[in-house]
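Presented below is the structure to which this report refers.
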Amino acid sequence: MKLTEAMTPTKHPRSTWLGIYQNVLFCQVLNMQQITRCPWVGEQPIYIDYHDKEWGKPEFDSQKLFEKICLEGQQAGLSWITVLKKRESYRVAFHQFDPKKIATMTALDIDDCMKNAGLIRHRAKLEAIVKNAKAYLEMEKCGENFSDFIWSFVNHKPIVNDVPDLRTVPAKTEASKALSKALKKRGFVFVGETTCYAFMQSMGLVDDHLNDCPCKTR
């Protein structure tokens, strides 16, 4: 049935409008399918939402940058979606990633975290968040702003890379190597070169969205 025909009054208006509604839904589905996101996203809503609203968006808030570098460290050896699904549990357990509060956490607090099924129960990784909080505060004490420090590795301006396909995306760069080295020098842990590059991608220091991805910086 043509759409114009469907709009003509009939003896069965309910079925007619149902047909129109189904056509509209079908078109919406087609439009959704035409969106070409970065292929690593997959079909899980939580990952799609993360890709569309967060990944690659420039972030300059020091505490949010601190949260992300800590969470990237939790990912080591795992997939990011594993951490993403547990992110809210981490925020609750680690005081919304307030470095001052985290720095006061004791071994007993980590013991409690090890019993928390909402976290990745790897003691060294959990302890790393506390160590990183102390390193963060030491930077502040020395007059270093965390956001300014992080963004200095890309000259305070996002790098938009040419990414025709995933094969062109590196696992690490000279900038991520330098960032890793500088963070370790300041006392941070679980901040390897690959971890730092994933952090740089997610926080928008570099834009590694595929060229045809709608989230790509134009």
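Per-structure values
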quantity: Cross-chain or 6+ apart pairs with Cβ under 6 Å, the stretch 81-102 first and under 17 Å from VAL41 (Cα atoms), then of a type in the set (Phe, Trp, Tyr) and buried (at least 18 other Cβ atoms within 10 Å of the Cβ); calculated: ILE81/TYR47
quantity: Selection within the stretch 139-159 - of a type in the set (S, T, N, Q) and touching a residue at least 24 places away in the same chain (Cβ under 8 Å); calculated: ASN145, SER147
quantity: Among the residues listed as TYR90, TYR50, TYR21, the single one being hydroxyl-bearing (Ser, Thr, Tyr) and at pLDDT below 95; calculated: TYR21
quantity: Of the criteria (1) of a type in the set (Gly, Ala, Ser); (2) surrounded by 13 or more Cβ atoms within 10 Å (Cβ to Cβ); (3) more than 13 Å from GLY73 (Cβ to Cβ), which one ALA133 fails; calculated: (3)
quantity: Members of the stretch 194-207 found to be surrounded by 23 or more Cβ atoms within 10 Å (Cβ to Cβ) and assigned to a loop (DSSP other than H, G, I, E, B), listed by number; calculated: MET203, LEU205
quantity: Counted residues, the stretch 72-99 - those being assigned to a helix (DSSP H, G or I), out of contact with any Phe, Trp or Tyr (no Cβ under 8 Å at 6 or more places or on another chain) and small (Gly, Ala, Ser); calculated: 2
quantity: Single unsatisfied condition, ILE129 versus (1) more than 20 Å from the chain's Cα centre (by Cα); (2) part of a helix (DSSP H, G or I); calculated: (1)
quantity: Which listed residue is assigned to a loop (DSSP other than H, G, I, E, B), out of contact with any helix residue (DSSP H, G or I) (no Cβ under 9 Å at 6 or more places or on another chain) and under 25 Å from LEU84 (Cα atoms), from VAL189, VAL163; calculated: VAL163
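The values are calculated or read from the model by the stated rules, or taken from the named source; none is laboratory data. Being a predicted model, the structure only gives us computed values, none of them experimental. Positions of Cβ are generated from backbone atoms using ideal geometry, with glycine treated the same way; all protein chains shown enter the neighbour counts.
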